[in-house]
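A quick write-up on the structure given underneath.
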Amino acid sequence: MIKVNAKAFAMLSKYIETNKNFEILVEEGSTLRDVLNKLGLPEDEIFTCTINGENATLDDKVKDGDNVGFYPYLGGG
Amino acid sequence: MLERYDRQIAVIGEEAQNKILNAKILVVGAGALGTSILNSLVRAGVGFIRVVDMDVVELSNLQRQMLFDEKDLGEKKVIAATNKLKLINSEVNLEPIVDRITADTIGKYALGCDIIIDATDNFSTREIINKYAIENNIPWIYGGVAAAFGMAKTIIPKETACLKCFMKKRTNEEYTARNSGIMNGITAVIGAIEANMAIRYIIGKPSTKLIYIDLFEDDFQTIEVKRDINCTVCGGEKVD
């Protein structure tokens, strides 16, 4: 297992009852989508996601110690 | 004439100020983001600003839409906004347009503009702006807000990622002032950031990152955004 630091930003925090950084354990070779699913975040609410401060796809693999983030669609103006 | 901009010129120089004075900008929307953007652009001395919106001023707008007051209730937003902006800086050429941006109308309103600034309240219109801007090689600034959260990004065709490069498959699950509420701090800040991004592009110092702000958690993130070589809007050419 590897450990990643995950954060669900803005409204996505409602799905995990916190938007603070927290650690999550996933299998080695896991993708961002695996992290997303483990967190219980709905994929259709993900505007963009990041690994270590760079945008990434849900198919990108995560490594031990990575910081990952998920952002919702902020549509208002 | 330049005395008005003394403090700004002290930062960017007279040559950059002249670029601002000669700039032509399309602002799409005259709501909370739009009024913040227009306030900044007009005070900075942008030469020509076209603003497109078809809504009227409502009481619930006054909490955050900074160019309107109670006298403006029922007035078209672009008319009320430009009336106020002329009092702020009569040197700016303002063109209010009462209409909606669609795939059919964006061409005539973007015509002759150096940059487009997004102050819309939905991703459908942003996708129209993105596609038009990429196809016609016009930079644009994305901005979106809801509750106490906001994002902004400068998009330069074929140089930076476009909206489609970093936006996942879109659904109707978007957060807006209508379904999530909105704090006036975030609209003022994101609008000012969008205007600043436009100014930076005009003077040749463009912003490159996606900015995210959470005013309730004191959280400010800058995200490096790569182009997607397979992007259906801008892909197929050079990748950063």
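The values are calculated or read from the model by the stated rules, or taken from the named source; none is laboratory data. On a predicted model such as this, the values are computed, not experimentally measured, just so you know. No Cβ is skipped: glycine too gets one built from the backbone with ideal geometry, and neighbour counts run over all protein chains shown. Please note that ligands, DNA and RNA were not included when accessible areas were found on the heavy atoms of the full protein model with its side chains. Shrake-Rupley method; radii C 1.70, N 1.55, O 1.52, S 1.80 Å.
Of all the strands (runs of 3 or more DSSP E) wholly in chain A, which have at least 3 residues that are more than 23 Å from B:D118 (Cβ to Cβ) and modelled with pLDDT of 95 or more? Give the derivation first.
Working: elements: A:2-8, A:22-26, A:48-51, A:54-56, A:67-71.
It comes to A:2-8.
Out of all the residues in the range B:108-132, which are of a type in the set (A, V, I, L, M, F, W, C) and either within 13 Å of chain A (Cβ to nearest Cβ) or farther than 19 Å from B:I37 by Cα (or both)? Full working, then the answer.
Just the residues of the range B:108-132 that are of a type in the set (A, V, I, L, M, F, W, C), to begin with: B:110-111, B:113, B:115-117, B:119, B:123, B:128-129.
Selection gives B:L111, B:I117, B:A119, B:F123, B:I128, B:I129.
In the range B:51-79, which residues are of a type in the set (A, V, I, L, M), under 19 Å from the mean Cα position of the chain (by Cα) and open to solvent by 20 Å² or more (accessible area, probe 1.4 Å)?
Result: B:M54, B:M66, B:I79.
Please pick out the residue among B:Q17, B:Q8, B:Q63 that is farther than 18 Å from B:L94 by Cβ, outside any helix (DSSP H, G or I) and at pLDDT 95 or above. Show your work before the answer.
Numbers: B:Q17 fails: outside any helix (DSSP H, G or I); B:Q8 fails: outside any helix (DSSP H, G or I).
Residue meeting the stated conditions: B:Q63.
Which of the numbered conditions does B:E159 fail, given that it passes all the others? Conditions: (1) surrounded by fewer than 23 Cβ atoms within 10 Å (Cβ to Cβ); (2) touching a strand residue (DSSP E or B) at 6+ places or on another chain (Cβ under 8 Å); (3) among the acidic types (D, E).
Condition (2) is where B:E159 drops out.
Considering only residues that are within 9 Å of chain A (Cβ to nearest Cβ), open to solvent by less than 10 Å² (accessible area, probe 1.4 Å) and in contact with a Phe, Trp or Tyr (Cβ under 8 Å, 6 or more places away or on another chain), which ones fall in the range B:133-156?
Initially, the range B:133-156 is screened for residues within 9 Å of chain A (Cβ to nearest Cβ), giving B:143-151.
Then keep just the ones that are open to solvent by less than 10 Å² (accessible area, probe 1.4 Å); that gives B:143-146, B:148, B:150-151.
Correct list: B:G144, B:A146, B:A148, B:G150, B:M151.
Has the range A:39-49 got at least one residue that is within 12 Å of chain B (Cβ to nearest Cβ), more than 15 Å from B:F149 (Cβ to Cβ) and buried (at least 16 other Cβ atoms within 10 Å of the Cβ)? Can you show your working first?
The initial filter retains those residues of the range A:39-49 that are within 12 Å of chain B (Cβ to nearest Cβ), namely A:41-49.
Imposing the further condition that a residue be more than 15 Å from B:F149 (Cβ to Cβ) reduces the set to A:41-44, A:49.
Filter once more, so that each one left must be buried (at least 16 other Cβ atoms within 10 Å of the Cβ): A:41, A:49.
Yes: one or more hits.
Sort out which residues of the range B:157-181 are in a helix (DSSP H, G or I), more than 12 Å from A:N55 (Cβ to Cβ) and facing chain A (nearest Cβ under 7 Å), and write them in order of number.
B:A177, B:S180
Filter the range B:91-115 down to the residues that are open to solvent by 70 Å² or more (accessible area, probe 1.4 Å) and not in a loop (DSSP other than H, G, I, E, B) and list them by number.
B:N93, B:K108
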